[in-house]
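J.: Below is the structure I would like to discuss, written out as structure tokens.
The values are calculated or read from the model by the stated rules, or taken from the named source; none is laboratory data. None of these values were measured; they are calculated from a predicted model. When we count neighbours, we look across all protein chains shown, and the Cβ atoms used for this are built from the backbone with ideal geometry, even at glycine. What goes into the accessible areas is simple: the full protein's heavy atoms, side chains included, and nothing from ligands, DNA or RNA. Shrake-Rupley method; radii C 1.70, N 1.55, O 1.52, S 1.80 Å.
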Amino acid sequence: MKIRSLKISAFFNMLRTLLNIAFPLITFPYITRILSPDGIGKLDFSRSIISYFVLLAALGITQYAVREGSAIRDNVIIFNKFVNEIFTLNLLTALISYLLLIILLFSTSYLKQYSTLILIFSLQIIFNTLSVEWLYNIYEDFIYITIRSFIVQVVSIIGMFLFVKSKNDYIIYAWITTISMGGAYIFNFIHASKFINFKLEFSSRIFRHLQSTLILFFNNVASTIYLNSDVTIIGFMVGDYYVGIYSTAVKVYTIVKQVTNALLMSTLPRLSNYYNNQRVEEYLILLDNIFWAMFTLLAPSITGLIILRKAIVNIIAGNQYSQSTSSLYILSFGLLFSVLAAFIVHGILLVQREEKSILKITLISAIVNVVLNLITVPIFKEKGAAVSTVTSECIVVILGLMKARGKFSINFYLNKFLAIIIGCSAITMTCITINIFVANTILSVSLSVLLSAVIYGIILILFRAVPKL
């Protein structure tokens, strides 16, 4: 498969992320109003349970495959062998994950009320395995998966508007989202078969990958704990209503985080290829460019989210979710730590084979997160969970910087720094001014975002601070 330019890969990966954001922005206001906080809470609690088993099935394979595969993708014979070993290993871990899930459902009485939803969402385990998404990442083929993502979202929206009509239709909604995504992943596998001859490799060779994948798996477990434990603990300790309230804030927070991280994730195969093939200077230059590009996108996003948080929640979820704004305000500050953590962990430590260091860092942050959630959630409910998340992300950044010291260097550009500061100040004034003179919430937010983007872009051009890759 032809390797596309980095700019094209980054563009389409960010476009895919934006599509994944745009479609939920269409569906989420409808779903939150139809299903109510309790229905949303049931869905998100069930997803939080399944996320652990999806994680077990993945076993750190995606990150490992992208890193190792990117280094050998030009050697067709060796690469095909590698792909089949990874695919076989992934099938085995998926079967083990399913078995453990069934055991859990039969042995835990509390989860029986969620068993239907959990079993529906559990299909993700098999679908994710068949998707071989890591293969497309290795080849930086973001055009195909962007088109696929668009088609899936359209099918999902049509199904939702046709079949989800009342608060009791949350199970139908679960089926729609699961099957639409599952179909896309099956098409992934069929499409990949055109350039990879898939076959099972049941030999001892597949287990040579286990040491690295297990370390990455345990890191992902710890990461998932501090990302999902808040929802799980809220569900157990204070109920579905507060899960729905908190999940609404998390969805908005996650949208901004995904857009910024999409830039980093699209460049990981190239970073791995440079570093593993001793092209260190090119690696460091690209790393520097990625940092400033991410920060240039992140700063105005945080600014706008803080100012417009109440209007955004009102638009996407309605007045009954207005309590979410407090959590969103707290999480907005956490975006800085979250994105910096992703940059350090994935762009530096993972590429440079520091899996054990990543595991230690994530374990510490996960323990802190769980302990803080257990202390704060009973008292402050969803706001306590938000504080716990921000604290955990901050810990990852601090520990990551300590470990990555000497492994990279980021240049300081005064023009870029000033452009970001002045641009964010301009965004603040723009949003406040529009809010004063425009009463309609949707129009106010739309104008704020549009004018802020134009003004910020002009400032970046004037200061010659437009991001480059």
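J.: For the chain, what is the relative contact order in percent, using Cα pairs closer than 8 Å and at least 6 residues apart in sequence?
T.: Reported relative contact order: 21 percent.
J.: I'd like the accessible area for Arg270: 1.4 Å probe, protein heavy atoms, all chains in place, Å² to the nearest 10.
T.: We get 30 Å² for Arg270.
J.: Which distance in Å, rounded to a whole number, links the C-alpha centroids of region 366-402 and region 406-432?
T.: 27
J.: Expected output is a single nm value to one decimal: the length gained when fully extending between Gln320 and Arg205, i.e. 0.36 nm times separation in residues minus the C-alpha distance. What is it?
T.: Working it through step by step, the gained length comes to 35.9 nm.
J.: Which FRET efficiency value, to the nearest 0.05, do you get for Phe198 and Ile367 by plugging their Cβ-Cβ distance into 1/(1 + (r/R0)^6) with R0 = 41 Å?
T.: 0.55
J.: Here is a further query. Suppose R0 equals 30 Å. What FRET efficiency, 1/(1 + (r/R0)^6) with r the Cβ-Cβ distance, do Leu214 and Tyr30 give to the nearest 0.05?
T.: So, using R0 = 30 Å, E works out to roughly 0.10.
J.: What net charge do the residues around Val231 carry, taking every other residue with its C-beta under 10 Å from that of Val231, with Lys and Arg at +1 and Asp and Glu at -1?
T.: Net local charge, Val231 excluded: -2.
J.: Just want the answer: with Cβ charges of +1 for Lys and Arg and -1 for Asp and Glu, which residue in Ile344, Gly239, Ser322 is farthest toward the dipole's positive end in region 233-355?
T.: Ser322
J.: At a probe radius of 1.4 Å, what is the per-residue accessible area of Trp175, in Å² to the nearest 10?
T.: Solvent-accessible area, nearest 10 Å²: 120 Å².
J.: So how exposed is Lys468, as accessible area in Å² (1.4 Å probe, rounded to 10)?
T.: Answer for Lys468: close to 130 Å² accessible.
J.: So, for region 390-469, what is the accessible surface per residue at a probe of 1.4 Å, expressed in square angstrom?
T.: Each residue of region 390-469 exposes 60 Å² on average to a 1.4 Å probe.
J.: Please identify the DSSP H helices in the chain that span no less than 30 Å along the helix axis (Cα) and have a mean Kyte-Doolittle hydropathy of -0.5 or more.
T.: Qualifying helices, which must be both long enough and hydrophobic enough, are 6-58, 76-107, 142-163, 170-192, 210-237, 240-276, 280-316, 355-380, 382-404, 414-437, 441-462.
J.: So, one more: Taking all protein chains as present, what is the carbon and sulfur share of the accessible area of region 381-469, in % to the nearest whole number, probe 1.4 Å?
T.: 72
J.: Could you state the principal axis extents of the C-alpha atoms in region 349-469, from the largest down, to the nearest angstrom?
T.: Sorted largest first, the three principal extents are 49, 42, 18 Å.
J.: With charges only on Cβ, +1 for K and R and -1 for D and E, what is the dipole size of the chain about its Cα centre, in debye, rounded to 20?
T.: Dipole magnitude for the chain comes out near 380 debye.
J.: D for the chain, whole µm²/s, Stokes-Einstein with Kirkwood Rh over alpha-carbon pairs at 10 °C and 1.306 mPa s: what number?
T.: 68
J.: Let me ask something else about it. Quick check: the distance between the Cα centres of region 72-134 and region 182-214, to the nearest angstrom?
T.: One Cα centre to the other: 11 Å.
J.: When ligands, DNA and RNA are left out and all protein chains stay put, how many square angstrom of accessible area per residue does region 220-270 have with a 1.4 Å probe?
T.: So region 220-270 comes to 26 Å² accessible per residue, rounded to a whole number.
J.: May I pose another question? Ranked by accessible surface with a 1.4 Å probe, highest first, in what order do Glu85, Glu281, Glu133 come?
T.: Result, largest first: Glu281, Glu133, Glu85.
J.: Determine the calculated [θ] at 222 nm for the chain from helices alone, applying -39500 (n - 2.57) to every DSSP H run no shorter than 4 residues and normalising by the residue count; nearest 500 deg cm²/dmol.
T.: Result for the chain, helices only: -28500 deg cm²/dmol.
J.: Cβ under 13 Å from Asn90's Cβ, Asn90 left aside: what net charge do those residues give with Lys, Arg +1 and Asp, Glu -1?
T.: -3
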